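Q: Handing you a structure now.
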Amino acid sequence: MSTPTSIVVFDGVCNLCNTTVDFLIRHDRSRTLRYGSFQSEHVATLLRSHNITETPTTVYVITPDNTVLTQSTAIIYLGYHLGGIWKVMSAVAKIIPRPLRDLIYQWISNNRYRWFGKKESCRLPSPEERSLFV
């Protein structure tokens, strides 16, 4: 029986997003996270199956029970998933009311290209990482 996976949907041309995916790959000891960029047709189809049709402006996490998490809630979920200090930091962050957390998330998201830059094309996984991408 295979282990349930969560799918992290990210902006494949965003440097901050790609750095975050690299971080998650390094720290996901259970290897149950999978990754896909907004720009992928497969991921676009997956998002449409969840009635998400607008141009994505947030990270999405699709959990094993098919729940779609966004913005700060998605980030907190990923911290819990990683465990250790990341789980503790996520528990602390969860104390902050969601509207305030999401406001901070949106501020970072709206400025991510200006602050961190943008790639000309999507991130390509290394041969070792290929099995982690949808």
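The values are calculated or read from the model by the stated rules, or taken from the named source; none is laboratory data. A quick note: this is a predicted structure, and the numbers were derived from the prediction, not measured. Quick reminder, even Gly has a Cβ in these numbers, built from the backbone with ideal geometry, and neighbours come from all protein chains shown.
Q: When you look at ILE85, is it part of a helix (DSSP H, G or I), at pLDDT 95 or above, among the hydrophobic types (A, V, I, L, M, F, W, C) and exposed (fewer than 12 other Cβ atoms within 10 Å of the Cβ), yes or no?
A: Criteria met by ILE85.
Q: Can you tell me which residue among LEU124, LEU69, LEU103 is without any contact (Cβ under 8 Å) to a residue 40 or more places away in the chain and assigned to a strand (DSSP E or B)?
A: Answer to the check: LEU69.
Q: Please enumerate the residues belonging to the range 47-89 that are among the hydroxyl-bearing types (Ser, Thr, Tyr) and closer than 18 Å to LEU103 by Cβ.
A: Answer for the range 47-89, where residues must be among the hydroxyl-bearing types (Ser, Thr, Tyr) and closer than 18 Å to LEU103 by Cβ: THR57, THR58, THR70, SER72, THR73.
Q: Could you please find all residues in the range 50-66 being of a type in the set (S, T, N, Q) and either under 16 Å from SER37 (Cβ atoms) or free of Cβ contacts under 8 Å to residues at least 40 places away in the same chain (or both)?
A: Across the range 50-66, the qualifying residues are ASN51, THR53, THR55, THR57, THR58, ASN66.
Q: Can you tell me which residues in the range 113-128 are under 11 Å from VAL13 (Cα atoms) and of a type in the set (Lys, Arg)?
A: Of everything in the range 113-128, those that are under 11 Å from VAL13 (Cα atoms) and of a type in the set (Lys, Arg) turn out to be LYS118, LYS119, ARG123.
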